[in-house]
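Have a look at the structure below before the remarks.
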Amino acid sequence: MKRRVYLDHLSGGPLASEVRAAMRPWLEEIHGNASSLHWHGLKAREALDSAAAQCAAMIGAPADDLVFTSSGTEANNLAVKGVAEAQRERGSHLILSNIEHPSIDQSVAWLEQQGFTATRVPVDGEGRLTAAAVAESVTDKTILIATHHANHDLGTVQNLPALGAVAAERGIPLLIDATASGGWVPVDVEAHPISLLTLAPHRFGGPQGVGVLYRNPCVPLSPQLHGGGQQGGWRAGTENLAAIVGAGAAATLPVIEVGPLQEQLHAGLQERIEKISLNGPTPGVERLPTQLNYSLAGLEGEGLALALDMQGVAIASGAACVTQNLAIPPALAAIGLDVAQAKGNVLLSLGRDISTADIDHVLEIIPKQVAKLRALSPTWDA
């Protein structure tokens with residue numbers, strides 16, 4: 001049987017065994033609706049409250065300030081649109097970077113169609129957003145600053161204390177998208193401070209189909225789903241209890257140190273492949289430890305991803321979550337990559353199941369496939 005190594009954890013990783021065990025009773029044995037008044041409903045509410053406490057502890061937040069959604073994308077939509085609509089009488093201007101995840105950028109674009117305005121602050125060549133640039137973009141109409149903890153595509157970890165200081169000094173809510181970093185890079189919503197924060201549990205051992213939004217109760221929020229009083233009225237609809245239990249269990253998992261694996265993979269690829277360029281910061285405290293983004297001259301990223309899949313190695317090509325879009329991903333365009341560099345872009349992301357032996361294995365396979373594709377490329381000059 002062909003050995004398979006999965007290096008696409010940003011798209012969704014495997015369910016941790018501890019999480020599967022926690023979810024199983026709610027899939028097979030226990031049933032109940034957290035809104036019901038009988039014993040089954042009580043057990044469901046207890047499970048919901050327990051999961052909220054577990055997720056809240058991971059980010060230093062009160063459990064009552066969490067809302068569970070269907071995904072990190074929905075959590076970002078609720079945060080951006082909900083805060084904007086709730087504060088429209090106060091102002092109509094939003095600030096974000098020019099490399100945000102589509103769930104934030106497109107939520108802002110939708111608000112712009114409704115009469116809001118936005119400033120997309122440029123980042124530097126490694127994807128850093130400076131607090132000074134954000135501060136210069138603030139107006140008396142600014143009602144939200146939205147950015148990420150670590151960028152999904154470039155891996156750049158932003159300076160949350162500096163960004164939090166700008167937002168706090170001006171009294172503007174700060175939304176941090178931690179859907180890529182949650183479970184891997186520590187964050188404390190009160191220490192920075194952060195007004196809103198989103199998580200995607202499927203990226204740190206939890207199930208797909210659940211997202212988390214932390215909201216400071218002082219921040220106005222307009223619900224985006226109506227029809228029920230679940231979760232304090234902030235998100236109507238019967239809760240996906242098994243997935244929420246899984247999210248809570250994932251939040252309690254011990255953090256796996258994947259930095260050495262990232263460094264092993266990066267050093268091995270740099271040594272074995274010529275004309276390979278790392279996009280974003282070098283491995284270290286300024287980079288998400290689970291992710292490496294490269295541009296390779298003389299080939300197309302999609303072709304390499306398909307060739308590697310045939311060899312049992314799964315990677316992504318192009319920006320995370322938008323791999324079917326053949327245009328230059330916004331994050332790559334923002335740091336100055338041209339069309340050729342963007343076409344040769346691949347994204348390798350690590351998870352809890354990756355070992356040193358896995359890295360050794362892929363370091364034998366990837367350079368060989370790169371060489372084969374380059375030999376067939378009319379643009380490659382050996």
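The values are calculated or read from the model by the stated rules, or taken from the named source; none is laboratory data. Everything numeric here is computed off the predicted structure, so don't read it as measured data. When we count neighbours, we look across all protein chains shown, and the Cβ atoms used for this are built from the backbone with ideal geometry, even at glycine.
Taken over segment 32-54, residues that are free of Cβ contacts under 8 Å to residues at least 40 places away in the same chain and either touching a Leu at 6+ places or on another chain (Cβ under 6 Å) or surrounded by fewer than 13 Cβ atoms within 10 Å (Cβ to Cβ) (or both) amount to 4. What tally of residues in segment 345-376 results from selecting those that are more than 15 Å from residue 272 (Cβ to Cβ), surrounded by 16 or more Cβ atoms within 10 Å (Cβ to Cβ) and of a type outside the set (Asp, Glu)? Residues flagged as more than 15 Å from residue 272 (Cβ to Cβ), surrounded by 16 or more Cβ atoms within 10 Å (Cβ to Cβ) and of a type outside the set (Asp, Glu) within segment 345-376 amount to 7. Can you find a residue in segment 3-11 that is more than 30 Å from residue 265 (Cβ to Cβ), in contact with a helix residue (DSSP H, G or I) (Cβ under 8 Å, 6 or more places away or on another chain) and surrounded by fewer than 17 Cβ atoms within 10 Å (Cβ to Cβ)? Within segment 3-11, none of the residues are more than 30 Å from residue 265 (Cβ to Cβ), in contact with a helix residue (DSSP H, G or I) (Cβ under 8 Å, 6 or more places away or on another chain) and surrounded by fewer than 17 Cβ atoms within 10 Å (Cβ to Cβ). Looking only at residues that are of a type in the set (Asp, Glu) and modelled with pLDDT of 95 or more in segment 65-103, which one is farthest from residue 147 (Cα to Cα)? Per the criteria, the residue is 65.
Scanning segment 221-247 for residues that are without any contact (Cβ under 8 Å) to a residue 12 or more places away in the chain, under 26 Å from residue 173 (Cα atoms) and assigned to a loop (DSSP other than H, G, I, E, B) gives a single hit, 226. Determine whether segment 275-296 contains at least one residue that is surrounded by fewer than 21 Cβ atoms within 10 Å (Cβ to Cβ) and in a helix (DSSP H, G or I). Within segment 275-296 (the criterion being surrounded by fewer than 21 Cβ atoms within 10 Å (Cβ to Cβ) and in a helix (DSSP H, G or I)), the answer is no, since none of the residues qualifies.
Across segment 325-354, what is the number of residues that are without any contact (Cβ under 8 Å) to a residue 60 or more places away in the chain and either part of a loop (DSSP other than H, G, I, E, B) or hydrophobic (A, V, I, L, M, F, W, C) (or both)?
Within segment 325-354, the first condition is being without any contact (Cβ under 8 Å) to a residue 60 or more places away in the chain, and the residues that meet it are 325-328, 333, 337-340, 342-344, 346.
Next, from what is left, pick out any that are either part of a loop (DSSP other than H, G, I, E, B) or hydrophobic (A, V, I, L, M, F, W, C) (or both): 325-328, 333, 337-340, 342, 344, 346.
Here the count works out to 12.
Within segment 206-238, the set of residues being polar (S, T, N, Q) and within 25 Å of residue 18 (Cα to Cα) comprises 208, 238.
Among the conditions (1) farther than 26 Å from residue 55 by Cα; (2) crowded, with 20+ Cβ neighbours inside 10 Å, residue 267 misses just one, which is (2). Residue count for segment 55-89 satisfying the condition of being touching a Cys at 6+ places or on another chain (Cβ under 9 Å), buried (at least 20 other Cβ atoms within 10 Å of the Cβ) and among the aliphatic types (A, V, I, L, M): 2. Pairing each residue of segment 5-20 that is touching a residue at least 24 places away in the same chain (Cβ under 8 Å) and more than 20 Å from residue 72 (Cα to Cα) with any residue that is surrounded by 15 or more Cβ atoms within 10 Å (Cβ to Cβ) and of a type in the set (Gly, Ala, Ser), provided the two are 6+ apart or on different chains, yields C-beta distances under 7 Å for 5/312; 6/314; 7/314; 7/349; 18/249.
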